[in-house]
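Right, one structure below, let's go through it.
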Amino acid sequence: MFSGMSSHEIRPKQLRALLLLLFIVPLIPTALMARFMLDALASERRLAIERTQQFYADSLPVMLRFTPSDVGTTAERAKEIMARFEKAADKKVTARIVDEDGRLIAGETTPWGQIIAQTAAPGLPSATIQLHLTGPEVIDEILAGQSQILVWTGSITGLAVLLIAGLATITVSRQLALHDLKNTSVATVAHELRTPLASMRMLLDTLREGRVKDEKQTREYLDIIASENERLSRLAENFLTFSRFDRGAQTMNLAPASPRAIAEQAVATLRTQLDAAKFTFDAPENLPQIRADRDALAQVLTNLLENALKYTGAEKRIALRVSATADSVIFTVEDNGIGMTSDERREAFRPFYQADQKLSRTREGCGLGLSIVSRIVKAHSGEITVASEPGKGSVFRVKIPTA
């Protein structure tokens, strides 16, 4: 099931370095794009001001192509010029008339920004009419279209870079997770195989060498060997089932089946262990049939009961109940075991997950039981839930639609 790492396989250190680069590298084009956008906006702003200056430098003499009255005071004639200008000009500019010393004769007292155009005021010797923009919003209005194009282009480019980096990061993260899972699963399997094999080897050596007191002891050793052999068989079967699901090769032979018969099949598999516990079995005869692969669903209940046996103490209280609702049948497995925290409940159905990850743990198992349960239930269009608290046991409920 597991193969060694080839010379071309990326190693964990390389993957982690690549993951770090995937976080850092996208910042470079993003920063460059932001800098480009700022430079482009600044350049467009300068060009917009220059174009505006040129436009009003050409337009101002045309606006003032008239001869004002030669009577009245300078202020009155300046007022006439301003009135003529206001009729011809738009609201983007303001005007003021100043004398040769720069003193204000008429118009805007506090103009905004630099002079964009100026010319001699008609009919006023040594006087100049100056134009200013009304405020920064004029430039913003001129740049609005171009700014939107730049912002959208920059935003789309930045998002594309971040999206590609994000997808690459997810891929690398999954590779790291798979590598960690591979290492964990190999170590777990090695431990699970070593324990029963060592026990069987010791007992077989004792029997071969004739170091037994009587037939009763021989029978006891043979029973232990048989039990360990069953344990290895269940482990192998779990791996084969998981492998078939993982490769998409597991098929379900769904047919109408009796929920009680399925529950009884699961109980029969673990009869010896359940007889040693305080076991309650409740499955009415008149339950509606379900569409199920009988052996696969029996494996679900076997795994849940085996899990309950494993995680309960010396005084084991375990129950298997089967009930029905309007459109489904519910299998409930309840125990008085050590229970689970909220984090453990979230991870419980992940392959190879075990709350106790130490190889020195006292409870057997490779963390595939609940993962297989979840996959089989899903293949039946069913649902599995768990309610549990530390020290208060666990309740697993499997809900399967009726036929």
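The values are calculated or read from the model by the stated rules, or taken from the named source; none is laboratory data. These numbers come from a predicted model, not from an experiment. So basically every Cβ, Gly included, is an ideal-geometry build from the backbone, and we count neighbours across all protein chains shown.
Within 18 Å of the chain's Cα centre (by Cα), at pLDDT 65 or above and of a type in the set (V, I, T): which single residue out of I115, I164, I156 fits that description?
Checking each option against the conditions leaves just I164.
Residues to consider are L203, L197; find the one that is farther than 26 Å from L368 by Cβ, surrounded by 12 or more Cβ atoms within 10 Å (Cβ to Cβ) and not assigned by TED's automatic domain parsing to the domain that holds L368.
Going through L203, L197 in turn, the sole match is L203.
In this structure, is F279 under 28 Å from G393 (Cα atoms) and outside the structural domain of S328 (by TED's automatic domain parsing)?
Taking the combined requirement at face value, the residue does not satisfy it.
Scan region 218-236 and tell me whether some residue there is closer than 17 Å to K310 by Cβ, out of contact with any Asp or Glu (no Cβ under 8 Å at 6 or more places or on another chain) and surrounded by fewer than 14 Cβ atoms within 10 Å (Cβ to Cβ).
Yes, that holds for at least one residue.
Among the residues of region 370-403, write down those that are surrounded by 20 or more Cβ atoms within 10 Å (Cβ to Cβ) and in a loop (DSSP other than H, G, I, E, B).
H380, G382, G393
Which ranges mark the strands (runs of 3 or more DSSP E) fully within region 204-318 that have 1 or more residues being in contact (Cβ under 8 Å) with a residue 40 or more places away in the chain and within 17 Å of I376 (Cβ to Cβ)? Walk me through it before giving the result.
On the way: elements: 255-257, 278-282, 290-292.
By residue number, 255-257, 290-292.
Would you mind telling me which numbered condition in (1) loosely packed, with under 15 Cβ neighbours inside 10 Å; (2) at pLDDT 95 or above A326 fails?
(2)
For region 34-41, state whether one or more residues are in the same structural domain as L167 (by TED's automatic domain parsing) and modelled with pLDDT under 70.
no
Looking only at region 99-112, how many residues end up being more than 19 Å from E86 (Cβ to Cβ) and either outside the structural domain of I81 (by TED's automatic domain parsing) or surrounded by 13 or more Cβ atoms within 10 Å (Cβ to Cβ) (or both)? Quick ask: steps written out before the conclusion?
First pass over region 99-112, keeping only residues more than 19 Å from E86 (Cβ to Cβ): 99-103.
This time we only want the ones that are either outside the structural domain of I81 (by TED's automatic domain parsing) or surrounded by 13 or more Cβ atoms within 10 Å (Cβ to Cβ) (or both), so: 99.
Here the count works out to 1.
Scan region 131-146 for residues that are within 12 Å of Q53 (Cβ to Cβ) and at pLDDT 85 or above and jot them down.
L131, H132, L133
Give region 66-101 a look and list any residue that's in contact (Cβ under 8 Å) with a residue 40 or more places away in the chain, assigned to a loop (DSSP other than H, G, I, E, B) and more than 17 Å from L133 (Cβ to Cβ), or say none.
Within region 66-101, F66, T67, P68, S69, D70 qualify.
So P68 clears everything in (1) crowded, with 19+ Cβ neighbours inside 10 Å; (2) on the phi > 0 side of the Ramachandran plot except one condition, right? Which one?
So P68 meets the others, but not (2).
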